[in-house]
Amino acid sequence: MTVEHLALPDGSPPPATQPLSFETGNHDDILAIAARMRQRGDLPEADATALAVGLKLFSEVMLQHRGLPLFADFAPHFKTFMQALKRGPAAAQTQP
């Protein structure tokens with residue numbers, strides 16, 4: 001994966017920086033998940049794609065290191081969020 005700084009918040013060009021590149025794996029098909037997120041229609045396509053990729057990268061690290069105290073308090077909330085997300089846009093909007 002490669003991440004590049006394309007613009008500052010005001011839209012001006014960023015200072016010259018090297019892209020951040022790394023390799024990672026995932027037990028799911030991230031491309032298919034991103035496509036499903038875009039089809040939900042509750043977020044703009046670019047945001048849906050970013051959310052799908054970000055969640056999958058994060059959740060894979062959390063899964064690999066689930067025994068770490070770092071994730072102990074957050075894991076139950078993440079599970080609840082993911083269940084609502086998987087139920088679809090209408091279900092996610094009705095959650096308190």
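The values are calculated or read from the model by the stated rules, or taken from the named source; none is laboratory data. Worth saying up front: this structure is predicted, and the values here are computed from it rather than measured. Using ideal geometry, Cβ is built from the backbone for each residue, glycine included, and neighbour counts are taken over all protein chains shown.
Key figures
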read-out: Identity of the residue in region 1-35, among the hydroxyl-bearing types (Ser, Thr, Tyr) and assigned to a loop (DSSP other than H, G, I, E, B), that ends up surrounded by the most Cβ atoms within 10 Å (Cβ to Cβ); value: THR24
read-out: Selection from region 1-28 of residues that are acidic (Asp, Glu) and touching a helix residue (DSSP H, G or I) at 6+ places or on another chain (Cβ under 9 Å); value: ASP28
read-out: Any hit, region 42-60, residues being of a type in the set (Asp, Glu) and crowded, with 16+ Cβ neighbours inside 10 Å; value: yes
read-out: Pick from region 14-47, criterion of a type in the set (S, T, N, Q) and farther than 18 Å from ALA90 by Cα, ranking: modelled with the lowest pLDDT; value: THR17
read-out: Among (1) closer than 28 Å to GLU4 by Cα; (2) modelled with pLDDT of 95 or more; (3) over 15 Å from the mean Cα position of the chain (by Cα) - the single one LEU68 does not satisfy; value: (1)
